[in-house]
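The structure under discussion appears below in the form of structure tokens.
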Amino acid sequence: MIASRQRCIRVALWTTGLALGLVSGCRGHSNDKDQTPTQTTETTAAEQEKTTQQTPANKPPPLAPEDREFATKAAQGGMEEVAMGHAVEPKATAPVVKTFAAHMVADHGKADAELKALMVSKSVTLPTDLGAEQRKNVDEMAALSGPQLDKRYADDMVEDHEQDVKEFKEAEQKVKDPELRAWIKKTLPTLEHHLAMAKEMQANVRH
């Protein structure tokens, strides 16, 4: 009986140990499974961060209405100066007038091209042709000839560039878009030079 009882005790102990081993193994597997989602989450977060870093820069915000209005007005004014220069240069009598008209075509043509390229990058479409009033001004100038043309053109260019310089100086302080403001700052010295040339031309054709 004692031996039989001892065998039963050994069997019971062996069975208990086996059970404990199985429970421990199960707990180990359970811990491994619990860690897997954490690793997946960390990997996903890293991939998202990498994707975010590779995303292209967002499009620039749209121009403020005031900036758009200035750009439109500047483009229209530039086109009028170019058209006026084309109309005046072949008909002017004074060499200084011919020279000034050629400068208008070249300088305003270049500035206008830069402004239009800048506005394209900002999804803004500028006018491509003169307005009715501007076309009327060009046609009236083209109808003149000789000294009358020289004097009228000189007077108009002084008045126009005085207004241009004033408006560009104001815009340099008010425009919100940094790239448009940089274009204004770059173009302003050219307009000031044009004003000085226009005054010299005006003095020349009055004599």
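Using a cutoff of 8 angstrom between alpha carbon atoms and counting only pairs six or more residues apart, the relative contact order for the stretch 68-207 works out to 29 percent. For the peptides 141-148, 161-168, residues were scored by their other Cβ atoms within 10 Å and the scores averaged per peptide; the highest-first order is 161-168, 141-148. Remark: the stretch 86-198 carries 53 Å² of accessible area per residue (probe radius 1.4 Å; ligands, DNA and RNA excluded). Ranking Met157, Leu144, Trp183 by how far each Cα lies toward the positive end of the dipole of the stretch 117-207 (charges on Cβ) leaves Trp183 at the top.
Once the Cα-Cα distance is subtracted from the 0.36 nm per residue extended length, the Thr125 to Gln173 segment shows a gain of 14.9 nm.
Comparing Cα centroids, the stretch 88-161 and the stretch 174-207 end up 13 angstrom apart.
Fully extending the segment from His193 to Glu114 would add 26.6 nm, taking 0.36 nm per residue of separation and subtracting the current Cα-Cα distance.
The values are calculated or read from the model by the stated rules, or taken from the named source; none is laboratory data. Since this is a predicted model, take the numbers as computed values, not measurements. Here Cβ is always computed from backbone atoms with ideal geometry, including for glycine, and neighbour counts include all displayed protein chains. Note: areas computed on protein heavy atoms with side chains; ligands, DNA, RNA excluded. Shrake-Rupley method; radii C 1.70, N 1.55, O 1.52, S 1.80 Å.
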